[in-house]
1. Criterion first (surrounded by 12 or more Cβ atoms within 10 Å (Cβ to Cβ), modelled with pLDDT of 95 or more, in contact with an Asp or Glu (Cβ under 9 Å, 6 or more places away or on another chain) and among the basic types (Lys, Arg)) does residue 107 satisfy it?
2. Pick from 97, 90: which is under 12 Å from the mean Cα position of the chain (by Cα) and under 18 Å from residue 30 (Cα atoms)?
3. For the stretch 81-118, which positions are outside any loop (DSSP other than H, G, I, E, B), of a type in the set (Lys, Arg) and free of Cβ contacts under 8 Å to residues at least 12 places away in the same chain?
4. In this structure, is residue 22 in contact with a Cys (Cβ under 9 Å, 6 or more places away or on another chain) and surrounded by fewer than 18 Cβ atoms within 10 Å (Cβ to Cβ)?
5. Condition test on residue 81, is it modelled with pLDDT under 95, buried (at least 18 other Cβ atoms within 10 Å of the Cβ) and not hydrophobic (A, V, I, L, M, F, W, C)?
6. Could you check how many residues of the stretch 68-78 are over 19 Å from residue 27 (Cβ atoms) and buried (at least 16 other Cβ atoms within 10 Å of the Cβ)?
7. So in the stretch 41-67, with the set limited to residues that are more than 25 Å from residue 92 (Cβ to Cβ) and of a type in the set (Asp, Glu), which one is surrounded by the fewest Cβ atoms within 10 Å (Cβ to Cβ)?
8. Return yes or no: is residue 58 at pLDDT 95 or above, closer than 15 Å to residue 121 by Cα and either out of contact with any strand residue (DSSP E or B) (no Cβ under 7 Å at 6 or more places or on another chain) or of a type in the set (A, V, I, L, M, F, W, C) (or both)?
Amino acid sequence: MEILLDTNFVLTCVKEKLDFLETRKFGKVVIPKQVLNELEKLEKKTNGRNSENAELALRIIKDNKEEIEFVELDGKFADSGIVKYAENNDVVVATLDRELKKKLRGKAKIVVIRGRKKIEII
């Protein structure tokens, strides 16, 4: 099974000092190239915390790249590409985005953060 991570999930894990690669316990970690692009854009912004969190997330991804599969999603935006990918693959999506969760209902299971401490599938 593949665990597809979205930008919001990765950044929230970094912010809450959770290891987003802990999702490996559920399956192979997959990160869309669009998510990497979003993290790189956030890293370049000089608005403090988000920039620092994006920088740390990218460093963690780079340091563990041999354990991660990178995919190119259909479409320019990560969310629409994630929905299409979920429709065509056996995938669990790691997201905290309400709108994305609604779009994925019935198409994929979701990985969430519970109580700021625990990563689990719902």
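1. Values: surrounded by 12 or more Cβ atoms within 10 Å (Cβ to Cβ): yes; modelled with pLDDT of 95 or more: no; in contact with an Asp or Glu (Cβ under 9 Å, 6 or more places away or on another chain): yes; among the basic types (Lys, Arg): yes.
Taking the combined requirement at face value, the residue does not satisfy it.
2. Numbers: 90 fails: under 12 Å from the mean Cα position of the chain (by Cα).
From the options 97, 90, the qualifying one is 97.
3. Of everything in the stretch 81-118, those that are outside any loop (DSSP other than H, G, I, E, B), of a type in the set (Lys, Arg) and free of Cβ contacts under 8 Å to residues at least 12 places away in the same chain turn out to be 84, 98, 101, 102, 114, 118.
4. So residue 22 fits the description; yes.
5. On the way: modelled with pLDDT under 95: yes; buried (at least 18 other Cβ atoms within 10 Å of the Cβ): yes; not hydrophobic (A, V, I, L, M, F, W, C): yes.
Spelling it out, residue 81 is indeed modelled with pLDDT under 95, buried (at least 18 other Cβ atoms within 10 Å of the Cβ) and not hydrophobic (A, V, I, L, M, F, W, C).
6. The number of residues fulfilling the criteria is 1.
7. As a first pass, look at the stretch 41-67 and keep what is more than 25 Å from residue 92 (Cβ to Cβ): 41, 43-52, 55.
Adding the requirement that they be of a type in the set (Asp, Glu) leaves 43, 52, 55.
Details: 43: 18, 52: 14, 55: 16.
Once the filter is applied, the top-ranked residue is 52.
8. Answer is no for this residue.
The values are calculated or read from the model by the stated rules, or taken from the named source; none is laboratory data. These numbers come from a predicted model, not from an experiment. Please note: Cβ atoms are built from the backbone with ideal geometry, for glycine as well, and neighbour counts cover all protein chains shown.
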